[in-house]
Amino acid sequence: MRVSAEDGIAILSWVVEEGIKPHAETIARIVKDDSVAVVLFNVHPSVADVPRNLGWDGASPVFRMSSRVRKRFAKHLGNVGDVVAQRWFSCSKPGRIFVFVELGTFLSNHDRDGNFTVEPGSTGCV
């Protein structure tokens, strides 16, 4: 599904305010090194098996993706041709947040100044 840039910004703002910020302390502990925090926000039950396969316990709104799972997932993403996501999951940089929201996902970056951004090239926004 393609969304406009304006709608994408509105969705990101909603997710940051209601899905990420309430768990800021937990996320900060996870992303301070090269770990990926996974945030689940209003996840549709039909896609709940995906985060479970990445290590989700079925209840926590935030969890740390293990290094082993992250590397395996990056390899899978490369095999299916998602080079942006493969690169993002393969790199070693702090501040990475993988967000599940409703039926979709996005790659978010949190910088030291407190800004949240979407990984360039990782969305269908036009």
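A short reminder: the numbers here are calculations on the coordinates, not readings from a lab. Here the structure is a predicted model, which means the values were calculated and not measured. Counting neighbours? That spans all protein chains shown, and the Cβs are built from the backbone with ideal geometry, glycine included.
Here are a few things to note about the model shown:
- Less than 5 angstrom separates the built amide H of Val36 from those of Met65, all sequence-distant by 5 or more or on a different chain.
- Given charges at beta-carbon only (K, R positive; D, E negative), |dipole| of the range 12-104 in Debye: 520
- The trypsin sites (Lys or Arg not before Pro) of the range 27-126 meeting both criteria, a DSSP state outside H, G, I, E and B (loop) and at most 11 other C-beta atoms within 10 angstrom of the site's C-beta, are Lys32, Arg112.
- Cross-link reach list, lysines versus Lys71, counting only Cα pairs under 18 Å and skipping chain neighbours closer than eight places: Lys93
- In sequence order, calculated HN-Hα J values of the range 14-22 (Karplus, 6.51, -1.76, 1.60; Hz; x Gly/Pro): 4, 5, 4, 5, 9, x, 9, 4, x
- Of all DSSP beta bridges in the chain, antiparallel share, percent nearest 5: 70
- Prolate/oblate/rounded label for the chain (Cα gyration tensor, a/c 1.5): rounded
- Gained length - Asn79 relative to Asp33, 0.36 nm times residue gap less alpha-carbon distance: 13.9 nm
- Mean Cα-pair separation over length for the chain, i.e. relative contact order, pairs under 8 Å, 6 or more apart, %: 31
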